[in-house]
Amino acid sequence: MRSLAGLAALAALAGLAGCGSSAPLFLSDGRPTTQVQCPDSQTSCEQQARAACGGAFDTVRQSTDDGQRTLLYACKAK
């Protein structure tokens, strides 16, 4: 019974691994990344990033789809 539960957990993890790509948790320099979504307004996403970082941040990736902007950023090292 225990091995059956283990196999089910393994199958679930394998299934999740196949889901679409996700943002990296950390940049190569070790800084964590954060993704925010906001209405198609660059300033709104930038304001959120600036507030969370306490100032400066680096844009890792940004996109706009159907009026929704997605910004992936990392706070600048202090």
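Okay, here's what the table says:
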{"read-out": "Other-chain or far-sequence residues with amide H under 5 Å of Arg69's (modelled H)", "value": "Cys38, Asp40, Ser41"}
{"read-out": "Full-extension gain in nm, Lys78 to Leu27, via 0.36 nm per residue minus C-alpha separation", "value": "16.8 nm"}
{"read-out": "Full-stretch length increase - Gln47, Gln62 - with 0.36 nm per residue and alpha-carbon distance subtracted", "value": "4.0 nm"}
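Read-outs: derived from the displayed coordinates by stated rules, not from any lab. Given the structure is predicted, the values throughout are model-derived calculations rather than measurements.
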